[in-house]
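For reference, the structure is listed below as structure tokens.
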Amino acid sequence: MNTHKSEKFHVTTKTEDGVCTVYLRGELDLSVAADFRLVMEPLVEDTALNLAINMKELKYIDSTGIGILLSILKARHGLAVKFTVEEVPPHIQKLFDMTGIAKFFASQENSH
């Protein structure tokens, strides 16, 4: 298990049974975007692993964070490897629904 954290944002990764789960906690916004991209880049490119992002403890996400998730989705789709988003809190799910991106993550979740 690897952990990367700042005062307001934590990323923990755990790999088990061919799935790398990335646990997000706190606030994913512009101020932590560069760090989050650095953590995610090697994981996104690892085609040997399925990739899942768990948002259970994510309190806030801004447009920069959403943009990163969409770029991960696009990259994983291009590599033809699995990417899922799990345990999205209701307030973040509402944002995903309002912005129209929920359908992209939902279709990924349902492709188990």
request  = Compute the relative contact order of the chain as a whole-number percentage, counting only Cα pairs closer than 8 Å that sit 6 or more residues apart in sequence.
outcome  = 22 percent
Which listed pairs, of LYS59/LYS103; LYS56/LYS94; LYS14/LYS74; LYS8/LYS94, have C-alpha distances above 19 Å, in listed order = LYS59/LYS103; LYS14/LYS74; LYS8/LYS94
ask   = Is it possible to state the helix-based mean residue ellipticity at 222 nm for the chain, with each DSSP H run of 4+ residues giving -39500 (n - 2.57), the sum divided by total residues, to the nearest 500 deg cm²/dmol? What is it?
value = -14500 deg cm²/dmol
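Given a cut-off of 20 Å, what percent of all Cα-Cα pairs of the stretch 1-99 lie beyond it? Before the final figure, lay out the partial values.
Working: 1506 of 4851 pairs.
Across the stretch 1-99, Cα pairs with separations above 20 Å total 31 percent.
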task = May I ask you to compute the full-extension gain from GLU41 to SER71, defined as 0.36 nm times their residue separation minus their alpha-carbon distance, rounded to one decimal in nm?
result = 9.8 nm
ask   = Between ASP97 and THR15, what is the label-to-label distance in nm when each label sits 7 Å out along the Cα-to-Cβ direction?
value = 3.7 nm
ask   = Among the DSSP beta bridges whose two residues both lie in the chain, what percent are antiparallel, rounded to the nearest 5?
value = 50 percent
ask   = Once amide H atoms are placed 1.01 Å from N in the peptide plane, what residues at a sequence separation of 5 or more from GLU86, or on another chain, have their amide H within under 5 Å of its amide H?
value = ILE53, ASN54, MET55
inquiry  = Expected output is a single nm value to one decimal: the length gained when fully extending between GLU57 and LEU79, i.e. 0.36 nm times separation in residues minus the C-alpha distance. What is it?
reply    = 5.1 nm
ask   = In sequence order, what are the phi-derived ³J(HN,Hα) couplings for the stretch 46-61 according to the Karplus relation 6.51 cos²θ - 1.76 cosθ + 1.60 with θ = phi - 60°, rounded to whole Hz, with x for glycine and proline?
value = 7, 6, 7, 10, 6, 10, 10, 10, 9, 10, 3, 9, 7, 8, 7, 9
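Every read-out reported here was derived from the displayed coordinates using simple, explicitly stated rules and does not represent laboratory data. Everything numeric in this text was worked out from a predicted model, so none of it was measured. Quick reminder, even Gly has a Cβ in these numbers, built from the backbone with ideal geometry, and neighbours come from all protein chains shown.
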